[in-house]
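Notes for the one structure printed next.
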Amino acid sequence: MAHLTLNRYIWILNTLIKHRELTFEEIAERWLESELSNGKPMALRTFHDHRKAILELFGVEIKCNTSNGYRYYVGSLESLRQDKFRNWLFSSFSLANMLQTSQNLKDRILFESIPKGTEYIQTIIEGMREGKVLEIDYQRFGGESRETFPIEVYAMKIYHLRWYILGKIRERDGLRHLSLDRILELKQTKEKYTIPENFNTEKYYANSLGIFVDKNLTPQKVRIRVYGNQVEYLRTLPIHKSQEEVVTKHNQFSEFQYRLCLTPELTTQILSMGNNVEVLEPQELREKIKEEIKNMCNRYN
């Protein structure tokens, strides 16, 4: 029943976002027309209870304009958009809600497959919340044998359709990433742990792409020249939050600048743009890209 109540929260939010302002009577009328209602009306008290729950769950306040006929509206939508976790949560449940109420379209909406491992997410989150060490059976890519070890989970991250956990494995230096789809078994132990007070997830990933973080690397200024439609792709979906468009030559090219560590993931990202990009600096990265292109050509020779 919990997921049905959550669907109601999502429906109320989406309805008010779509129509800007509505009276309760207008909301109740639209509710009866939706498939979620099953022909049952929404009581005013239930609506107010849902308003409180929406504020607690998504941090979004549904306000009432008493000077204009008691019309309700979303008063803090921008805060939802700026909060990555709440925005992702809302977007995910909104999509699931729409699909549930549009079963006749299920064969016309396609998704990319997500590798296995999502069944462990709940246990991992519970372990993080309670500060409990997890015991993991793990098999790396290319590894023939499985490893069993305890891990203190610091953070979770999704990247390229894979879920990863970042944590400290006992008797090993530094923090390690583990892909959930390589986990064979996982269980929570009774042993407790505490994350260092100075650890900050955003700062940890601040100067890297993806999940590859090397604390021995120093961030550098990276400058690339981009051609064609790839310019618009980068404008609408930056590869990193430090991205700046520093030169614009209309109908010719644009130059983008970043502050990043020179990790393998950065090289892969640049190569994925094909001949629409040229590395201008640093020279070290430029030479690395040239070497990779040469190796690719040799592969085809």
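FYI, it's all coordinate maths here, none of it is from the lab. It should be emphasised that the depicted structure is a prediction, and the values quoted were computed from it without experimental measurement. Note: ideal-geometry Cβ built from the backbone for every residue, glycine included; neighbour counts use all protein chains shown.
Here are some notes:
- Residue 162 versus residue 55: modelled label distance in nm, points set 7 Å from Cα along the beta carbon direction: 4.3 nm
- Separation of segment 218-237 and segment 130-180, taken as the distance between their Cα centroids, equals 32 angstrom.
- Cα-based shape type of the chain, given that a ≥ b ≥ c are square roots of the gyration tensor eigenvalues and the cut on a/c is 1.5: oblate
- Between 30, 225, 170, the Gaussian network model of the chain with springs among Cα atoms under 10 angstrom shows the greatest mean-square fluctuation at 30.
- The gain in end-to-end length when the residue 6 to residue 122 segment is fully stretched comes to 40.0 nm, 0.36 nm per residue minus the alpha carbon separation.
- Residue-by-residue Karplus 3J(HN,Hα) for segment 211-223, coefficients 6.51, -1.76, 1.60, Hz, glycine and proline x: 10, 7, 10, 10, 5, 7, 8, 9, x, 10, 6, 10, 10
- Straight-line cross-link partners of residue 63 among the lysines, defined as a Cα under 16 Å from its Cα and at least 8 positions apart when in the same chain: 18, 52.
- Stretchable slack from residue 214 to residue 76, in nm (0.36 nm times residue separation minus alpha-carbon distance): 45.9 nm
- Pairwise FRET efficiency - residue 232 versus residue 184, Cβ, R0 = 25 Å, nearest 0.05: 0.05
- Once the chain from residue 206 to residue 38 is taken as fully extended at 0.36 nm per residue, the excess over their C-alpha distance is 55.7 nm.
- Rounded to 10°, Cα long-axis angle of helix 283-300 versus longest principal axis of the chain: 90 degrees
- Amide H contacts of residue 163: 180, 181, each under 5 Å away and 5 or more positions distant or on a separate chain (H built 1.01 Å from N in the peptide plane; Pro and chain starts excluded).
- Pairwise label distance in nanometres, residue 139 with residue 64, each label 7 Å out on the Cα-Cβ vector: 5.9 nm
- Cα gyration tensor category, rounded, prolate or oblate, for segment 258-301 with a/c compared to 1.5: prolate
- Cα gyration tensor shape for segment 206-300, rounded if a/c is under 1.5, else prolate or oblate: oblate
- Most fluctuating residue given options 206, 155, 53, as computed from a GNM of the chain linking Cα atoms under 10 Å: 53
- Listed by chain and number, the lysines whose C-alpha is less than 28 Å from the C-alpha of residue 290, apart from same-chain residues fewer than 8 away, are 215, 221, 241, 249.
- Straight-distance crosslink candidates among lysines, where the alpha carbon sits under 24 Å from residue 132 and sequence neighbours closer than 8 are dropped: 116, 157, 168, 187, 190, 192, 203
- Sequence-distant residues sharing a close amide H with residue 61 (under 5 Å, placed H): 75, 76
- Near residue 191, the amide H atoms lying under 5 Å from its own belong to 133; only residues 5 or more places off or on other chains count, and H is placed 1.01 Å from N.
- Compared with the dominant principal axis of the Cα atoms in the chain, helix 2-19 is inclined by about 90°.
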